[in-house]
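Student: One structure is given below, represented as structure tokens, and several questions about it will come after.
The values are calculated or read from the model by the stated rules, or taken from the named source; none is laboratory data. Being a predicted model, the structure only gives us computed values, none of them experimental. Quick reminder, even Gly has a Cβ in these numbers, built from the backbone with ideal geometry, and neighbours come from all protein chains shown. Areas reflect the complete protein model, heavy atoms only, side chains present, ligands, DNA and RNA absent. Shrake-Rupley method; radii C 1.70, N 1.55, O 1.52, S 1.80 Å.
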Amino acid sequence: YQPQFWRNRATSDAFEPGSLFKVFLAAAALEEKVVRLSDSFFCENGSYPVYDRTIHDHTRYGWITFQQIIKFSSNIGASKVGEKMGKERFYRYICAFGFGEKTRVDLPGEGKGIVHHPRYWPPVALDTISFGQGISVTGIQLVAALSAIANGGFLMKPYVVEKITNEKGEVCQSFQPEVIRRVISEETAKKVGALLKATTEKGGTGEGAVPTGYEVAGKTGT
């Protein structure tokens, strides 16, 4: 097999997360009490000039709540929430969720994505990173960070191997779940979980992802 087939793309390849990144913006904004779920933002009827760029939404929205920004996945709404957060504060949470560093998963060839310090962000970066463009992550980073929402705010170290045994079947080394740090409070994690559940309910962008008889918290992304 050629080397291209050896790659574990879940750990080695970096990509723009797109709208999935709105999850972490929402978590940061709620944790910092920058927004409430009921706060409304004007989404410019689908076209929002920022410096030399124009940000678009897939549907034209006027005034919608923060909860609807996540449910309908509004880029413009996310941009305006990001502007309220500010780049230094948002960057702090991006790092806290584990982006820009290796997860230290027990697999070879792990990448760490690309997360620039805010001093190097171009003028439009705060707005675009708020909806997941202009930043790159790995699949394993994304899974670990999303799991922190499900884990009540704790970022865990991902691992694959449960134990190592010798030729006699004796356990030489075993591995257990390991907390890296608390990123957000349990209260904030529950609020974000409810937001992500609304995304898969009627009218949300992830409506088609729910098997009958289940409740799903999730987020669509390009």
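Student: Among F72, F131, F15, whose mean-square fluctuation peaks in a Gaussian network model of the chain (Cα, cutoff 10 Å)?
Tutor: Looking only at F72, F131, F15, the biggest GNM fluctuation is shown by F15.
Student: Any idea how far apart D52 and V143 come out in nm if each label point goes 7 Å out from Cα toward Cβ?
Tutor: Distance between label points: 4.0 nm.
Student: At 7 Å along the Cα-to-beta-carbon direction for both C172 and A150, put a label point, then send me their distance in nm to one decimal.
Tutor: 3.2
Student: I want to verify the translational diffusion coefficient of the chain in µm²/s; compute it with Stokes-Einstein, Rh as the Kirkwood radius over Cα pairs, at 20 °C and 1.002 mPa s. Provide the component values of the computation, followed by the final result.
Tutor: Details: Rh = 18.5 Å.
In µm²/s, the coefficient is 116.
Student: What FRET efficiency, computed as 1/(1 + (r/R0)^6) with R0 = 41 Å and r the Cβ-Cβ distance, is obtained for S40 and K157, rounded to the nearest 0.05?
Tutor: Details: r = 39 Å, r/R0 = 0.95.
Step by step, r from the Cβ atoms, then E = 0.60.
Student: With N denoting the number of residues in the range 19-73, provide Rg(C-alpha) divided by 2.2 N^0.38 Å, to two decimal places. Numbers along the way, then the final one.
Tutor: Details: Rg = 11.7 Å, N = 55, 2.2 N^0.38 = 10.1 Å.
The reported ratio for this selection is 1.16.
Student: What FRET efficiency do you get for W63 and R181 if R0 is 45 Å and r is their Cβ-Cβ distance, rounded to the nearest 0.05?
Tutor: Details: r = 37 Å, r/R0 = 0.82.
With a Förster radius of 45 Å, E is 0.75.
Student: Suppose we keep just the alpha-carbon trace of the range 147-222; what are its Rg and Dmax in angstrom?
Tutor: 17.9, 57
Student: Run the paramagnetic zone check for R104: 7 angstrom along Cα to Cβ, then residues of the range 168-191 with backbone nitrogen under 12 Å.
Tutor: Answer for the range 168-191: 178-181.
Student: Next question. Counting alpha carbon pairs within less than 8 Å and at least 6 residues apart, what relative contact order, in whole percent, applies to the chain?
Tutor: On the way: 397 pairs, mean separation 55.1, N = 222.
25 percent.
Student: Let me ask something else about it. Take the alpha-carbon centre of the range 130-190, take the same for the range 203-222, and report the distance between them in whole Å.
Tutor: 23
Student: Kindly provide the helix-only [θ] at 222 nm of the chain, computed as the sum of -39,500 (n - 2.57) over DSSP H runs of four or more divided by all residues, to the nearest 500 deg cm²/dmol? Intermediate values should be presented prior to the final figure.
Tutor: Values: 8 runs with 73 residues, N = 222.
About -9500 deg cm²/dmol.
Student: So how tilted is helix 75-85 from the main axis of the chain? Cα-based, degrees 0 to 90, rounded to 10.
Tutor: The angle comes out at about 80 degrees.
Student: Test of understanding: in a Gaussian network model of the chain with alpha carbons linked when under 10 Å, which of V160, V115, V105 would top the mean-square fluctuation ranking?
Tutor: Maximum among the listed residues: V160.
Student: Please give the solvent-accessible surface of D106 in Å², to the nearest 10, using a probe radius of 1.4 Å with every protein chain present.
Tutor: Spelled out: D106, probe radius 1.4 Å, area about 70 Å².
Student: Could you calculate the FRET efficiency of F15 with A209 from 1/(1 + (r/R0)^6), where r is the beta carbon distance between them and R0 is 25 Å, rounded to 0.05? Can you show the working numbers first?
Tutor: Working: r = 20 Å, r/R0 = 0.80.
Once rounded, the FRET efficiency stands at 0.80.
Student: Top mean-square fluctuation among K197, K87, K168, Gaussian network model of the chain, C-alpha springs under 10 Å?
Tutor: Of K197, K87, K168, the most mobile in the Gaussian network model is K168.
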